[in-house]
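Below is one structure, written out as structure tokens, with a few remarks after it.
The values are calculated or read from the model by the stated rules, or taken from the named source; none is laboratory data. Bear in mind the structure is a predicted one, so any value in this text is a computation, not a measurement. A quick note on method: Cβ atoms are made from the backbone with ideal geometry, for glycine too, and the neighbour counts reach across all protein chains shown.
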Amino acid sequence: MSTLVAGSQKVAFNIVDILKESGKNVTCICRSKNSDVKDFYSTYDSFYFPFEDSINLFFGTGNLNLKDMNYKKIPIFLFLVLALNLYVIYKAVRSKSKTIYCYDPKGIIVSGLLSKILGFKVIWHLHGELRLPTALNRVLCRLACDIIVPSKYVQRSIESYSKSTVIYNGFDFDKSFTRRKFDTNRPIKLLYIGTLVPHKGLHSIFSALKNTCGCNHKYELDIVGDGVGNIGEKYVSFLKDDSANLPKEVKVNFIGWVKNPDKYIIDADVLLFSSISEGSLSLFGKEVEFRASEALPTVLIEALSFGTPVIANDIAGVAEIVTDDTEGFIISDFSKVNLYSLIDKVLKNCNVDYSKTRSRFCYKTMGGEFLRLFTDRKL
């Protein structure tokens with residue numbers, strides 16, 4: 001249901017490739033809105049969900065917010081969900097599929113409500129904690145025959161609802177690359193990659209950078225990503241205004257969204273990961289509450305796979321990626337640390353063994369575990 005290529009979408013792409021390479025007949029259903037997601041699935045036997053305007057109204061770029069429902073919207077939403085479920089079943093029958101793979105809450109809501117009782121086996125790939133009401137969480141878990149999660153953290157978070165299988169996300173890493181050597185004669189290159197929405201916490205990095213204690217160099221912060229939805233647009237405006245309040249030693253580059261951020265990762269001295277579990281932020285006079293949906297942050301895997309050390313907030317899955325202090329540091333809150341001193345510490349002490357990350361989060365390893373599950377379940 002998403003139109004943005006983020007971590008969970010990259011994993012879904014890999015799984016589709018794995019299933020196809022194993023000889024399975026794969027039929028894909030995605031949104032009709034033009035996007036890189038649609039472009040990827042168009043190379044396979046693919047179909048598009050009807051009612052794109054209604055999907056965009058309720059799901060936007062892929063998120064579902066039940067708090068925005070009112071008595072006028074509820075009947076439309078229920079009709080939409082029923083229609084999409086019937087469409088998935090119709091296409092499954094026509095393609096002679098016996099198994100339906102979907103990911104995240106929105107995926108099972110639009111494809112799994114009727115599938116199990118009609119004899120289809122539903123594999124649900126849950127990429128983050130369930131943030132819906134407890135009763136609904138329990139119902140969604142019961143719709144799946146198997147639940148796959150990308151981290152032990154997420155597995156623990158749903159163990160009261162259902163059993164699950166941990167399969168770490170795997171990626172097909174570029175085999176060779178050349179890192180730039182750290183040069184004291186040029187600014188220290190900092191990097192943020194992610195959507196520009198409040199729960200990604202970029203404002204907390206700005207807050208840390210305003211504390212000039214230990215600011216003994218010139219710094220350049222590349223921000224790779226765009227705002228998402230109305231809140232995202234307001235957040236970007238807020239960030240651009242706030243960037244004017246940073247010390248003169250800090251230069252900020254708003255790069256925007258890029259299809260492949262590898263060159264930025266390779267060129268960076270330190271990657272900053274600032275997602276926040278939950279909190280609130282005042283945006284132009286309105287208080288916005290937010291909660292993170294991380295499980296195994298892809299950007300951290302990508303950074304370490306290119307030898308780039310990280311400074312990361314301690315949220316879901318981070319400690320399963322950053323496992324020792326040669327790779328960087330895990331902190332509780334960017335706004336409560338002396339970021340400049342911590343950056344100096346990273347540059348002096350960290351020496352990332354990129355082969356370790358590439359081995360743990362390998363495409364072939366994930367593929368083998370995923371296909372083994374399919375074989376064990378006779379899917």
Only one of I276, I231, I266, I255 that is assigned to a loop (DSSP other than H, G, I, E, B) and either in the same structural domain as T308 (by TED's automatic domain parsing) or on the phi < 0 side of the Ramachandran plot (or both): I276
The one condition in (1) surrounded by 14 or more Cβ atoms within 10 Å (Cβ to Cβ); (2) over 23 Å from L78 (Cα atoms); (3) not assigned by TED's automatic domain parsing to the domain that holds D222 that N137 fails to fulfil: (2)
V149, sole failed condition from (1) surrounded by fewer than 18 Cβ atoms within 10 Å (Cβ to Cβ); (2) within 30 Å of S280 (Cβ to Cβ); (3) in contact (Cβ under 8 Å) with a residue 12 or more places away in the chain: (1)
Residues that are farther than 26 Å from I123 by Cα, among the hydroxyl-bearing types (S, T, Y) and surrounded by fewer than 13 Cβ atoms within 10 Å (Cβ to Cβ), drawn from segment 342-378: S355
Meets criteria (within 19 Å of D333 (Cβ to Cβ), in a helix (DSSP H, G or I) and either β-branched (V, I, T) or touching a residue at least 60 places away in the same chain (Cβ under 8 Å) (or both)) for V288: no
Hits in segment 338-358 - residues which are within 25 Å of the chain's Cα centre (by Cα) and either more than 14 Å from L271 (Cα to Cα) or of a type in the set (S, T, Y) (or both): D353, Y354, S355, K356, T357, R358
Single residue of segment 179-196 satisfying the filter (among the β-branched types (V, I, T) and touching a residue at least 40 places away in the same chain (Cβ under 8 Å)) that is farthest from E320 (Cα to Cα): I188
Any hit, segment 66-74, residues being surrounded by fewer than 18 Cβ atoms within 10 Å (Cβ to Cβ), under 29 Å from C362 (Cα atoms) and not assigned by TED's automatic domain parsing to the domain that holds G232: no
Odd one out for S176 among (1) surrounded by 14 or more Cβ atoms within 10 Å (Cβ to Cβ); (2) free of Cβ contacts under 8 Å to residues at least 60 places away in the same chain: (1)
Cβ pairs under 8 Å, 6+ apart, first in segment 112-137 and more than 22 Å from S157 (Cα to Cα) and touching a residue at least 12 places away in the same chain (Cβ under 8 Å), second of a type in the set (G, A, S) and not in a strand (DSSP E or B): S115/A92; K116/A144; F120/A92; F120/S97
Qualifying residue in segment 260-277 (condition: among the aromatic types (F, W, Y), touching a helix residue (DSSP H, G or I) at 6+ places or on another chain (Cβ under 9 Å) and buried (at least 21 other Cβ atoms within 10 Å of the Cβ)): yes
